[in-house]
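Student: Input: one structure, supplied below.
The values are calculated or read from the model by the stated rules, or taken from the named source; none is laboratory data. It should be emphasised that the depicted structure is a prediction, and the values quoted were computed from it without experimental measurement. Glycine also receives a Cβ, built like all others from the backbone with ideal geometry; neighbour counts cover every protein chain displayed. What goes into the accessible areas is simple: the full protein's heavy atoms, side chains included, and nothing from ligands, DNA or RNA. Shrake-Rupley method; radii C 1.70, N 1.55, O 1.52, S 1.80 Å.
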Amino acid sequence: MLPLSEEQKLVRDTVRAFAREELWPLAPAYDESGEYPWPQLGKLAELGLLGMATPEAWGGAGMDAVSWALALEELAYADPSVAVIVSVTSGLPQYMLLKFGTDEQKERFLKPLARGEWIGAFALTEPQAGSDPAALKTRARRVEGGWVLSGTKAWITSAGQAQLYVVMARTGEERKAITAFLVLKDDPGLSFGLPEAKMGLHAAHTAELRLEEVFVPDERVLGEVGRGLSHALAGLDSGRIGIAAQAVGIAQAAFDIARDYADEREQFGRKIRDFEGVGFKLAELDTKIAAARHLVWSAARRKDAGGRFTLEAARAKLFATDTAVTATREAIQVLGANGYHKDYRVERYYRDAKVTEIYEGTSEIQKLVIARELYR
Amino acid sequence: MKFVAIIRQVPDGEAKLREEGGRIDLSGATMILDQMDEYAVEEILQLKEKHGGEAVIVAFGPERTKEAIRTALAMGADRAVFVKHEGDADPITEAKALAKVLAEEAPTVVFTGGQQADWDSYALGPAVAEALGWPSVAWTTAFELEDETQATAQHDLDEGAQRVRVRLPAVLTTQQGLNEPRYPTLPGIMKAKKKEIKEIPAEELGVTGTKVEILSQAIVKIERKQKILDGTKEPEKAAEELVRLLHEEAKVI
């Protein structure tokens, strides 16, 4: 393993202790009820976990990206729904505000997000604009003192619960004439769909965002007019490290359950771990998980160094999310019929894992990004 | 006022330990701040928050103990004094060295774990008090500072509890129920790296070796008997046998 600093280890150990004590026991119940985990998020806010990567001057904890990834992995290990909410609020809106926001915007919007008083959401996807975000149809019409937004956003994590939405809308005729806006939950004309009935991540609500003539004043334009798509893609580079870390946490949790089970379960008079079919499977998964973790750390280190990290983030997300789906599926296989039962948790990790290959850029889009980076 | 918690680093209770040549191999084990000492840290933080003053960590152990010290500092303690010692040391030897640090620090009150998760001697707190000639209250579940010279404490016994008034300075040892230790916060972790850890080699405090030498260590192995009684043919006899086994062998009824 690449070495971690004393402080990074302390972050990991602290979040691990907290998550296994406070999140792990309740994760199955949240999956069952589909309730948004506000009480859990409140505890995270107290520890400073909702604004981990935002500098102290703006209400955050000022942690490096490696610490952020370590924390997300530990949160995902205990409850992947909580992890994705944290990854989105800190990786996307907070990161974009920090990078593109004015000091006044940081004061008004970044601080409450970083302190964990607010949850933030990122609204790029539309029913007809997923992997091709430049095809988005939500329009912003120029009026005196601001813009009026109309359109529908789909698959928005924390929609209906979050207080702040970074909404990308079309501000011109060319394909990429898109601008990022800061929309608040109480803005007149903004409404939400019911939480979607998803395969997994039940506690992390995902819903439609409907904008009907929503007035957004000029001071809530984020970054440059017409540069919104590029700002959003920069946000996604950061967000992808978070999702990759979430995937590693899910994979490790399912793997640990399978490893322990194989050490207890006996068939044909011996522990099933002693059968090559099981032992080799575990060996392969362990190797994949270690490799995925290294890719995540390497992307995070690149981000900390201040350079471009588009390629590293895409690699980490592609490999870690594939690892999560493989590890959770194979963990079920190791547990046999018990793995198919809710009591053993691995079926939930499998359901939670699948979407990591889809959101914040599908695996196919990651390959597209990597292929482009090769000739950049 | 000054409040001190004595801490040590021990293997995590859930860590998988291995025997290696008659000794417990700790190299692969997760090491943590002793959970009984965590109550001590929480108690001095609460005392500081309520009465003002300083919360100081005093630690004894090898280099790796610094991880536990950082945890205590991240929880909110102000600074630490670290008596560094590689290798074994018995509780009386440790207590004598720690007493020298405490005599210099001159705290209002000292807390430490009621027992130690690694050696389980129960001796460290009382031995520190003895070395300083200070009073000692063991297994406290409640503590109330009255003023700088005295405090009341609750001391739990097997079949009841005692309330006592103790002259200060004193050494108190913790018991589960004393408080609910906080998690370090991320801003706390960031601040911890800037806090002072004063390192003192144990030899400078007169530690020359251990007076109790560990010859070998072994891990208790719990074998499951997995006795299965066939109750399908003669259920009454099987039930009688079950009662006999529970009574005579398992000794639970």
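Student: Using only Cα atoms, tell me the angle between helix A:6-18 and the longest principal axis of chain A; keep it within 0 to 90° and round to the nearest 10.
Tutor: Taking the Cα atoms of chain A, the angle to A:6-18 is about 80 degrees.
Student: To check you understand DSSP bridge types, tell me what percent of the beta bridges within the range A:120-226 (both residues inside) are antiparallel, rounded to 5.
Tutor: 85 percent
Student: Here is a further query. May I ask you to find the residues of the range B:187-222 that are shielded by at least 50 Å² of accessible area once the whole protein assembly is considered instead of their isolated chain (probe 1.4 Å)?
Tutor: Listed in order, they are B:ILE189, B:MET190.
Student: Helix B:65-75 against the longest principal axis of chain B: what's the angle in degrees, Cα atoms only, rounded to the nearest 10?
Tutor: That helix lies at roughly 80 degrees to the long axis.
Student: Can you give me the relative contact order of chain B as a percent, contacts being Cα pairs under 8 Å and 6 or more apart?
Tutor: Once divided by the residue count of chain B, the mean separation gives 23 percent.
Student: Under 8 Å for C-alpha pairs, at least 6 residues apart: give me the relative contact order for chain A, rounded to a whole percent.
Tutor: Worked out over chain A, it gives 16 percent.
Student: Compare A:GLU312, B:GLU144, B:GLU159 by solvent-accessible area with a 1.4 Å probe and give them largest first, with all protein chains kept in place.
Tutor: Descending order: B:GLU159, B:GLU144, A:GLU312.
Student: Another one. Let me cross-check B:VAL137: its accessible surface, 1.4 Å probe, with only protein heavy atoms counted, in Å² to the nearest 10?
Tutor: B:VAL137 exposes around 10 Å² with every protein chain in place.
Student: Sort B:LEU26, B:LEU172 from largest to smallest accessible area, using a 1.4 Å probe on the heavy atoms of the protein chains.
Tutor: So, going from the largest accessible area down, we get B:LEU26, B:LEU172.
Student: If you take the Cα Rg of the protein assembly as shown and divide it by 2.2 N^0.38 Å, with N the number of residues, what do you get?
Tutor: 1.12
Student: Explain nothing, just the number: relative contact order of the range A:1-98, from Cα pairs under 8 Å at least 6 residues apart, as a whole percent.
Tutor: Relative contact order, the range A:1-98: 31 percent.
Student: Probe of 1.4 angstrom, ligands and nucleic acids ignored: what's the accessible area per residue over the range B:115-185, in square angstrom?
Tutor: 53 Å²
Student: What lysines could a cross-link reach from B:LYS198, if we take a straight Cα to Cα line under 29 Å and drop same-chain neighbours fewer than 8 places away?
Tutor: Those lysines meeting the cut-off are A:LYS9, B:LYS2, B:LYS48, B:LYS50, B:LYS66, B:LYS84, B:LYS96, B:LYS100, B:LYS211.
Student: Over the range A:247-366, what portion of Cα pair distances is larger than 20 Å, expressed as a whole percent?
Tutor: Above the 20 Å cut-off, the range A:247-366 has 46 percent of its Cα pairs.
Student: What's the average, rounded to a whole number, of partner chain beta-carbon atoms within 10 Å of each residue's beta-carbon in A:3-13?
Tutor: 4
Student: What order do you get for A:268-277, A:333-342 when each peptide is scored by the mean count of other beta carbon atoms within 10 Å, highest first?
Tutor: The packing order, highest mean first, is A:333-342, A:268-277.
Student: Can you list the lysines whose alpha carbon is less than 25 Å from that of B:LYS227, not counting same-chain residues fewer than 8 positions off?
Tutor: Those lysines meeting the cut-off are A:LYS271, B:LYS237, B:LYS251.
Student: Got a sec? What order do A:TYR375, B:TYR183, A:TYR77, A:TYR344 fall in by accessible area at 1.4 Å, biggest, i.e. largest, first?
Tutor: These residues rank, largest area first, as A:TYR375, A:TYR344, B:TYR183, A:TYR77.
Student: Can you tell me the accessible area per residue over the range A:230-373, all protein chains present, probe 1.4 angstrom, in square angstrom?
Tutor: Per-residue value: 42 Å².
Student: Any idea what angle helix A:80-89 forms with the longest principal axis of chain A, computed on alpha-carbon atoms, 0 to 90 degrees, nearest 10?
Tutor: Rounded to the nearest ten degrees, it is 30.
Student: Counting DSSP beta bridges with both partners in the range B:2-205, what percentage is antiparallel, nearest 5?
Tutor: Once the DSSP bridges in the range B:2-205 are tallied, antiparallel ones form about 40 percent.
Student: Another one. For the protein assembly as shown, with all protein chains present and a 1.4 Å probe, just round the carbon and sulfur fraction of the accessible area to a whole percent.
Tutor: It is 50 percent, rounded to a whole number.
Student: Short version: ³J(HN,Hα) in whole Hz for each residue of the range A:134-143, in order, from phi by Karplus 6.51 cos²θ - 1.76 cosθ + 1.60 (θ = phi - 60°), x for Gly and Pro, what are they?
Tutor: Running phi through 6.51 cos²θ - 1.76 cosθ + 1.60 with θ = phi - 60° gives 5, 7, 4, 10, 4, 10, 10, 9, 5, 9 Hz.
Student: Please build a GNM for chain B, connecting alpha carbons under 10 Å apart, and tell me which residue among B:ASP158, B:ASP12, B:ASP120 fluctuates the most.
Tutor: Result for chain B, Cα springs under 10 Å: B:ASP158 fluctuates most.
Student: Compute, for B:ARG23, the solvent-accessible surface of its heavy atoms (probe 1.4 Å) with the complete set of protein chains present, and express it in square angstrom to the nearest 10.
Tutor: Taking all protein chains as shown, B:ARG23 has close to 80 Å².
Student: Also, quick follow-up: In square angstrom, rounded to the nearest 10, how much accessible surface does A:TRP38 have for a 1.4 Å probe?
Tutor: 90 Å²
Student: For peptide B:179-186, what's the mean number of Cβ atoms from other chains within 10 Å of each residue's Cβ?
Tutor: Mean inter-chain Cβ contacts per residue within 10 Å come to 6.
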